[in-house]
Amino acid sequence: MSNRAGCFLIALSALALLAVAAPAASAPATVDVSLFAINDLHGNLKPPQGGITIADPSDPAKKIAVPAGGVEYMATLIHRLRAEHKNSIFVAAGDLIGASPLLSGLFHDEPTVESLNLMGLDVSSVGNHEFDHGVPELMRIQNGGCHPVDGCKGPHPFTGAKYRYLAANVIDKATGKPILPPYYVKTFDGIPVAFIGLVLKGTDQMVVPSGIAGVDFKDETDTVNALVPELRAKGIEAIVVLIHQGGFPTGGYNECPGIAGPIVDVVKKLDKAVDVVVSGHTHQAYNCVIDGRVVTSAHRYGTLVTEIDLKLDRKTHDVVSAKADNLIVRDDTYAKDPAQTQLIAGYETLAGPIEKRVVGTATDLLSHEQTASGETVLGDIIADAQLQAAKADGAQISFMNSGGVRRDIVKGDITFADLFAVQPFGNTLVTLDMTGAQIKDVLEQQWADPNFPRVMQVSDGFTYAWDATQPMGNHVVASSMILNGKPLDPAATYRVVVSNFLADGGDGMTVFKQGQHRTPGAGDVEATEAYLKAHNPIAPQAHNRVMRVK
């Protein structure tokens with residue numbers, strides 16, 4: 001061996017010894033994980049009317065509307081966030097479907113599910129609107145297949161949601177078990193994180209009762225707290241709750257001053273093992289810390305995406321810090337995602353002729369915003385439309401639930417798509433007999449939840465007054481109930497027209513279920529369309545049917 005070769009081997013040996021002797025770089029004490037969260041998308045594939053209202057950056061005392069939302073732009077933001085974070089998961093807090101615009105609703109929300117599949121949504125809690133058409137339809141949305149009545153209407157077969165719906169507190173009465181998985185676990189660098197999904201326990205008062213007859217909706221906090229020992233027994237310490245329940249803040253979209261509402265009590269009662277709560281339902285935007293835990297909501301209709309950054313301790317596997325940021329899905333900032341554009345185009349080809357059909361003209365804004373008494377311009381029009389549609393069945397009074405009036409109609413031509421966005425549930429009308437006493441009783445049920453009264457819209461010719469200071473059962477001033485100039489007789493029978501949702505006791509209006517001699521009628525959207533054509537152009541009228549005394 002030459003001296004040069006010997007020196008080379010000695011040098012290599014020395015380097016090897018140094019490599020062995022050098023201490024290995026220690027792994028970071030924590031693992032970074034990012035959650036990207038949405039809620040209450042409601043099938044808004046396109047940017048919603050009005051975008052999101054925020055404080056004017058140049059003058060915080062003023063408000064400005066920012067164009068925001070639309071799955072084409074949201075997908076671009078989600079893909080960008082994914083690329084920027086090694087460990088991430090895309091989650092949702094329910095009402096992804098239901099009460100949707102025509103482009104999604106016409107196809108039973110299959111386009112929205114496919115859009116979320118393309119975006120890579122991992123997991124979502126169910127919301128109350130996931131139950132709009134009953135448990136069997138929710139299962140079809142999860143698993144795929146053609147609609148049992150309308151068949152396959154889309155441009156390609158529907159294969160179902162690739163993301164997992166969670167329903168920890170929705171219990172099958174027959175089996176005593178959740179109808180869908182209660183939680184989902186994802187592991188990041190060896191650390192498991194559990195995501196528990198729930199819907200508000202009052203869902204049974206918000207959807208057609210016949211569609212959920214086989215299930216119970218259990219208390220949210222009791223359900224979560226009962227699952228904590230099970231998760232900990234599996235070595236899981238990091239717990240995130242995805243809950244379709246929310247609150248009402250007073251500040252900006254990324255703040256949390258004066259948060260109130262059901263979510264506050266829910267969070268305060270949760271086991272301390274719960275680290276983060278992603279909420280929804282109230283269509284609000286907030287970024288809160290409640291009882292020491294981050295609690296968020298991303299507005300509605302896809303205008304925001306919440307980024308929640310967690311640090312997980314490698315030893316304890318628990319969350320050691322969490323911070324959140326609500327990001328506006330700005331249409332003037334993000335490019336359109338080509339895959340989403342292609343998806344929308346495929347469905348627009350089929351829906352276009354229906355969407356664009358003009359059904360009337362509005363001389364001014366037809367608002368669905370409630371006055372102090374609970375009455376709305378658009379609600380009055382819909383109630384009148386229902387009454388007109390059921391005149392042949394003897395209808396004398398019409399009631400419309402306010403929650404079924406989803407959007408404003410702006411000044412100008414009204415398309416069928418506009419109309420569908422206002423009434424997207426596909427309800428039908430039912431005319432039935434009720435006594436004057438039963439009408440009084442059902443009006444009192446509007447205050448079943450005194451903090452959030454559900455004031456119904458009433459048709460022309462019927463008026464009444466209510467007093468918020470009175471006890472339950474006495475809110476309606478009995479002598480104020482007037483029909484066509486005459487006091488309502490408690491013993492007399494009247495023909496009342498409502499949607500099948502109310503006729504079945506929806507919104508907690510169970511007295512409607514007592515109605516006799518039921519006559520099925522037209523679809524609700526078709527009834528409104530006929531009314532608009534008969535009263536074209538349509539103008540907003542003064543509020544004078546429902547009066548508030550105190």
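The values are calculated or read from the model by the stated rules, or taken from the named source; none is laboratory data. Remember, predicted model here, so these are calculated numbers, not experimental data. So basically every Cβ, Gly included, is an ideal-geometry build from the backbone, and we count neighbours across all protein chains shown. Note: accessible area is taken over every heavy atom of the protein model, side chains too, but ligands, DNA and RNA are not part of it. Shrake-Rupley method; radii C 1.70, N 1.55, O 1.52, S 1.80 Å.
Descriptive notes on the structure:
- Residue order by solvent-accessible surface for Thr112, Thr341, Thr250 is Thr250, Thr341, Thr112, largest first, with ligands and nucleic acids left out and a 1.4 Å probe.
- Met139 exposes around 50 Å² of accessible area when a 1.4 Å probe is run over every protein chain in place.
- Annotation: aspartates and glutamates with alpha-carbon distance below 12 angstrom to Lys323 (same-chain offsets under eight excluded): Asp32, Asp275, Glu307, Asp309.
- Placing unit charges on the Cβ atoms only, positive for Lys and Arg and negative for Asp and Glu, gives the chain a dipole magnitude near 860 debye about its Cα centre.
- The tail of the calculated P(r) for the chain, taken as Cα-Cα distances beyond 37 Å, holds 36 percent of the pairs.
- Compactness check for the range 377-437: Cα Rg over 2.2 N^0.38 Å is 1.24.
- When the pairs Lys177/Lys234; Lys268/Lys513; Lys411/Lys533 are compared against a 26 Å limit on Cα-Cα distance, Lys268/Lys513 fall above it.
- Largest-first ellipsoid semi-axes for the range 250-378, taking √(5λ) over the Cα gyration tensor eigenvalues, angstrom: 37, 24, 13
- Net +/- balance of residues flanking Leu96 in space, Cβ distance below 9 Å, scoring K and R +1, D and E -1: -4
- For the chain, DSSP calls about 70 percent of its internal beta bridges antiparallel.
- Probe 1.4 Å, accessible area per residue of the chain, Å²: 41
- Three semi-axes describe the equivalent ellipsoid of the range 84-149; taken as square roots of 5 times the Cα gyration tensor eigenvalues and ordered largest first, they are 23, 13, 11 Å.
- Summary of the geometry: the range 406-434 and the range 460-487, compared by the centres of their Cα atoms, lie 26 Å apart.
- Farthest toward positive dipole pole in the range 298-422 [+1 Lys/Arg, -1 Asp/Glu at C-beta], among Tyr301, Ser402, Ser321: Ser321
- When the Cα convex hull of the range 128-276 is projected onto planes of every orientation, the mean area is 11.8 nm².
- Within the straight-line cut-off of under 17 Å between alpha carbons, the lysines reachable from Lys269 are Lys201, Lys218, sequence neighbours fewer than 8 places apart in one chain being disregarded.
- Low-density loop positions, trypsin sites (Lys or Arg not before Pro), the range 237-333 - DSSP coil, at most 11 other Cβ in 10 Å: Lys272, Lys315
- Karplus-based coupling profile of the range 150-158, in residue order and whole Hz: 8, x, 8, 10, x, x, 7, x, 8, with θ = phi - 60° in 6.51 cos²θ - 1.76 cosθ + 1.60 and x standing for Gly or Pro.
- Just the protein heavy atoms count here, and of the accessible area of the chain at 1.4 Å, carbon and sulfur take up 55 percent.
- Backbone phi angles across the range 358-373, fed through the Karplus curve with coefficients 6.51, -1.76 and 1.60 (θ = phi - 60°), yield HN-Hα couplings of 7, 10, x, 9, 9, 6, 7, 4, 9, 8, 9, 6, 7, 7, 4, 8 Hz in residue order; Gly and Pro are listed as x.
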